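The values are calculated or read from the model by the stated rules, or taken from the named source; none is laboratory data. All values derive from a computational prediction rather than experimental measurement. Glycine also receives a Cβ, built like all others from the backbone with ideal geometry; neighbour counts cover every protein chain displayed. Please note that ligands, DNA and RNA were not included when accessible areas were found on the heavy atoms of the full protein model with its side chains. Shrake-Rupley method; radii C 1.70, N 1.55, O 1.52, S 1.80 Å.
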Amino acid sequence: MDTRNASLPGVVVDIRHKDYRSGLRTLEALHFRAGPGEFVALIGPSGSGKTTLLKIVAGLDTRFEGQVARSPTARLGFMFQEPRLLPWLTVEQNVGLVLNALPPTQQGALRAHLQELLTQVGLQDFRTAFPGQLSGGMQRRLALVRAFVIRPELLLMDEPFLSLDEPTAEQLRRQLLVLWQQTGSTILFVTHNLREALMLADRVLFLSPRPAHLILEQPVPSPRPRTMAQMAVLEQQLLHQYPELLSGVLHE
Ligand code: ADP
Ligand code: MG
């Protein structure tokens with residue numbers, strides 16, 4: 001089922017350069033676009049400027065030369081490396097918090113959506129539990145629900161499945177794909193894991209070491225559902241074709 005909504009806006013990134021006040025140039029001549037409903041993965045060495053880029057796209061950092069075009073009214077979601085749950089709030093309250101920030105007219109329908117999403121990811125019996133009572137995988141599922149509950153037009157994900165065991169990460173990837181297909185969000189997904197990027201994305205963008213710019217744009221034409229084994233083959237082909245592609249990425 002593909003319910004992507006073509007009327008949702010994408011994002012166009014045109015960054016001439018980004019310098020921190022220390023003088024450190026983190027991004028230079030970084031240009032790309034993500035179409036409406038497109039899933040774009042970004043892969044690059046540690047310290048290359050990926051988090052900086054997502055902050056700029058989110059509008060949290062406006063000190064750069066260039067432009068980022070996205071609908072100013074688009075609902076924006078962000079998911080980080082750590083689940084960033086509030087330990088004194090219940091599962092339901094942690095997600096409810098992001099709805100409180102929306103206009104009251106939108107909140108009613110989304111509260112029902114919240115309950116559906118909790119059920120969808122298997123957290124229906126943990127509504128009144130606290131984050132400390134959940135496993136690491138369950139905390140990430142909760143963070144996924146929180147990211148999707150607002151039906152984000154644009155979702156920025158900064159290495160959200162880092163340092164999880166592979167079965168847990170794999171389950172989260174599947175749930176992410178289902179949520180994305182239901183919602184039609186445009187997604188920018190930062191990862192160090194090429195196989196993960198190939199598994200998830202419509203297109204993988206490879207970034208250079210700092211200052212980050214694009215070194216390769218690789219569409220992933222394989223139909224979904226994809227398997228990690230298929231992606232391992234694709235990964236080998238890519239690395240064979242471009243041996244220097246991941247220099248700096250794999251040696252974390
Ligand atoms: P990545 O997410 O790719 O690992 P970051 O975007 O976090 O990289 O950082 C890129 C570079 O910018 C790094 O060298 C980092 O130390 C530097 N940096 C990040 N944030 C700041 C800041 N607020 N001030 C100065 N330098 C920063
Ligand atoms: Mg980062």
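Condition (residue is among the basic types (Lys, Arg) and more than 16 Å from ligand 2 (Cβ to nearest atom)) applied to region 64-78: is it met by at least one residue?
The first filter runs over region 64-78 and keeps only residues among the basic types (Lys, Arg), leaving 70, 75.
Still in the list and also more than 16 Å from ligand 2 (Cβ to nearest atom): 70, 75.
For region 64-78, residues among the basic types (Lys, Arg) and more than 16 Å from ligand 2 (Cβ to nearest atom): present.
Which pairs do you get when a residue that is under 15 Å from PRO152 (Cα atoms), found in region 96-125, comes within reach of a residue that is at pLDDT below 95 and surrounded by fewer than 17 Cβ atoms within 10 Å (Cβ to Cβ), reach meaning Cβ atoms under 6 angstrom, with the pair 6+ apart or on two chains?
Going by the 6 Å Cβ cut-off, the qualifying pairs are LEU99/GLN107.
Tell me whether region 10-30 contains one or more residues that are of a type outside the set (Gly, Ala, Ser), open to solvent by 70 Å² or more (accessible area, probe 1.4 Å) and within 23 Å of ARG146 (Cβ to Cβ).
No, that holds for no residue.
So PRO72 passes all but one of these: (1) at pLDDT 95 or above; (2) closer than 22 Å to GLU153 by Cβ; (3) of a type outside the set (Ser, Thr, Tyr); (4) open to solvent by 80 Å² or more (accessible area, probe 1.4 Å). Which condition number does it fail?
In the conditions (1) at pLDDT 95 or above; (2) closer than 22 Å to GLU153 by Cβ; (3) of a type outside the set (Ser, Thr, Tyr); (4) open to solvent by 80 Å² or more (accessible area, probe 1.4 Å), PRO72 misses (1) alone.
Condition (residue is within 16 Å of ligand 2 (Cβ to nearest atom) and modelled with pLDDT of 95 or more) applied to region 27-38: is it met by at least one residue?
Residues of region 27-38 within 16 Å of ligand 2 (Cβ to nearest atom): 27, 30.
If we keep only those that are modelled with pLDDT of 95 or more too, we end up with 27, 30.
Yes.
Does region 157-178 contain at least one residue that is touching a Pro at 6+ places or on another chain (Cβ under 7 Å), modelled with pLDDT of 95 or more and farther than 21 Å from ALA112 by Cα? Steps first, answer last, please.
Within region 157-178, the first condition is being touching a Pro at 6+ places or on another chain (Cβ under 7 Å), and the residues that meet it are none.
The answer is no, given that none of the residues of region 157-178 is touching a Pro at 6+ places or on another chain (Cβ under 7 Å), modelled with pLDDT of 95 or more and farther than 21 Å from ALA112 by Cα.
Among residues belonging to region 148-180 that are open to solvent by 30 Å² or more (accessible area, probe 1.4 Å) and within 16 Å of ligand 2 (Cβ to nearest atom), point out the one that is nearest to the chain's Cα centre (by Cα).
Among them, the one singled out is LEU162.
Quick check on VAL190: is it farther than 20 Å from PRO225 by Cβ, within 16 Å of ligand 2 (Cβ to nearest atom) and at pLDDT 95 or above?
On the way: farther than 20 Å from PRO225 by Cβ: yes; within 16 Å of ligand 2 (Cβ to nearest atom): yes; at pLDDT 95 or above: yes.
Yes; evaluated as a whole, the condition is true for this residue.
Given the options PHE189, PHE206, name the one that is open to solvent by less than 10 Å² (accessible area, probe 1.4 Å) and within 12 Å of the chain's Cα centre (by Cα).
Working: PHE206 fails: within 12 Å of the chain's Cα centre (by Cα).
The match here is PHE189.
With respect to LEU42, is the statement that it is open to solvent by less than 10 Å² (accessible area, probe 1.4 Å) and within 16 Å of ligand 2 (Cβ to nearest atom) true?
Working: open to solvent by less than 10 Å² (accessible area, probe 1.4 Å): yes; within 16 Å of ligand 2 (Cβ to nearest atom): yes.
Answer is yes for this residue.
Assess whether GLY59 counts as being more than 16 Å from ligand 2 (Cβ to nearest atom), open to solvent by less than 80 Å² (accessible area, probe 1.4 Å) and at positive phi. Don't jump to the end; show me each part of the working.
Values: more than 16 Å from ligand 2 (Cβ to nearest atom): yes; open to solvent by less than 80 Å² (accessible area, probe 1.4 Å): yes; at positive phi: yes.
Criteria met by GLY59.
Can you pull out every residue in region 76-105 that is open to solvent by 70 Å² or more (accessible area, probe 1.4 Å) and either aliphatic (A, V, I, L, M) or under 16 Å from ILE150 (Cα atoms) (or both)? Let's see the steps before the verdict.
If we filter region 76-105 for residues that are open to solvent by 70 Å² or more (accessible area, probe 1.4 Å), which is where we start, we get 82, 84, 87-88, 93, 97, 100-101, 104-105.
Residues satisfying the conditions are GLN93, LEU97, ASN100, ALA101, PRO104, THR105.
Of VAL233, VAL249, which residue is among the β-branched types (Val, Ile, Thr) and surrounded by 14 or more Cβ atoms within 10 Å (Cβ to Cβ)? Break it down into steps so the answer makes sense when it comes.
Details: VAL233 fails: surrounded by 14 or more Cβ atoms within 10 Å (Cβ to Cβ).
Of VAL233, VAL249, the one residue that is among the β-branched types (Val, Ile, Thr) and surrounded by 14 or more Cβ atoms within 10 Å (Cβ to Cβ) is VAL249.
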